[in-house]
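Structure first, commentary second.
The values are calculated or read from the model by the stated rules, or taken from the named source; none is laboratory data. As the structure is a computational prediction, the values presented were derived from the model and not from experiment. Virtual Cβ from ideal backbone geometry, glycine too; neighbours counted across all protein chains shown. Accessible surface is based on the protein model in full, side chains and every heavy atom, while ligands, DNA and RNA are left aside. Shrake-Rupley method; radii C 1.70, N 1.55, O 1.52, S 1.80 Å.
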Amino acid sequence: MSIDLHLHTTASDGLLTAEELVSLAVRRGVRIISITDHDSIDAIAPAERAAGSFSIEIFPGVEINTDVGESEVHILGYLFEDQELLENKLAALRRERLKRGEAMIGRLKDLGLDVPFDRVLSLTGAASLGRPHVARVMVEQGYVSTVKEAFDKYLAKGGPAYIPRVKFSPMEAIRLISAARGIPVIAHPGKIRDQSLLDELVQHDVKG
């Protein structure tokens with residue numbers, strides 16, 4: 001059985017809608033998926049509707065971006081029952097993402113790169129705005145050739161247009177997911193080089 005429990009849609013920084021992603025998974029023979037958009041659960045309901053009578057199961061999921069000092073840690077949440085509790089906090093995090101996006105656009109303008117914020121918003125719609133959205137518009141405007149170049153030259157941590165997020169710790173994310181009666185999991189743990197941090201996360205009731 002093929003399973004993929006870490007997928008993004010246009011509700012955050014993915015390129016496919018929930019419906020398109022479900023269709024692709026069905027064509028590829030994947031039987032269980034979890035859509036884990038950054039700070040958003042908006043794609044879950046349309047994915048469940050799109051699954052319809054297909055032989056595919058949708059696990060509710062989310063990926064919460066958090067920080068510990070200079071380290072960035074992403075916490076996944078699965079099979080949460082209290083979506084309202086989770087959504088209230090995620091909505092606040094998305095509002096902060098919008099403010100961060102505006103600040104990055106301002107920083108780019110100071111550098112002589114006129115990146116229209118309304119075009120960035122047209123890419124995101126009601127999605128969770130992230131640096132990839134800004135990078136795509138930079139490619140459209142001809143300032144860089146690829147999204148990677150936008151990050152390497154401007155948007156990566158330490159870059160001239162980088163704006164840090166409002167701090168939300170992985171421990172807070174774990175507590176939030178647990179309070180919503182979900183399963184907290186560390187995303188791509190291989191990127192976390194600090195073994196003591198991994199040990200601490202496990203002690204805070206992370207499940208995978």
Share of accessible surface on carbon and sulfur in the chain, whole %, 1.4 Å probe and ligands ignored, is 52 percent
Sorted by chain and then number, the residues having a modelled amide H within less than 5 Å of the amide H of residue 13, at least 5 places away or on another chain, are 38
Residue by residue through region 94-107, the couplings from Karplus 6.51 cos²θ - 1.76 cosθ + 1.60 with θ = phi - 60°, in Hz, x for Gly and Pro, are 5, 4, 5, 4, 4, 4, 5, x, 4, 5, 5, 4, x, 5
In a Gaussian network model of the chain with springs linking alpha carbons closer than 10 Å, the residue among 11, 161, 92 that fluctuates most is 92
Karplus ³J(HN,Hα) for region 13-27 (6.51 cos²θ - 1.76 cosθ + 1.60, θ = phi - 60°; Hz, whole; x = Gly/Pro) runs 10, x, 9, 10, 5, 4, 5, 5, 5, 4, 4, 5, 4, 4, 5
If every Lys and Arg gets +1 and every Asp and Glu gets -1 at its Cβ, then about the Cα centre the chain yields a dipole, in debye to the nearest 20, of 380 debye
Relative contact order as a percentage, the chain, C-alpha pairs under 8 Å and 6+ apart, gives 21 percent
When the charge dipole of region 7-92 is computed with +1 on Lys and Arg Cβ and -1 on Asp and Glu Cβ about the Cα centre, the Cα farthest towards its positive end, among 18, 56, 34, belongs to 56
Scan of the chain for trypsin sites (Lys or Arg not before Pro) in DSSP loops with at most 11 other beta-carbon atoms within 10 Å gives a longest site-free stretch of 1-156
For region 8-92, listing GluC sites (Glu not before Pro) in a DSSP loop whose Cβ sees at most 14 other Cβ atoms within 10 Å gives 70, 81
For region 40-147 the chymotrypsin sites (Phe, Trp or Tyr not before Pro) that pass both the DSSP coil test and the at-most-16 other-Cβ-within-10 Å test are 54
Once normalised by the length of region 68-141, the mean sequence separation of its alpha carbon contacts under 8 Å that are 6 or more apart gives a contact order in percent of 27 percent
Residue 148 neighbourhood, Cβ < 12 Å, K/R = +1, D/E = -1, net charge +1
Given unit charges at Cβ for Lys, Arg (+) and Asp, Glu (-), the dipole magnitude of region 1-102 about its Cα centre in debye, nearest 20, is 300 debye
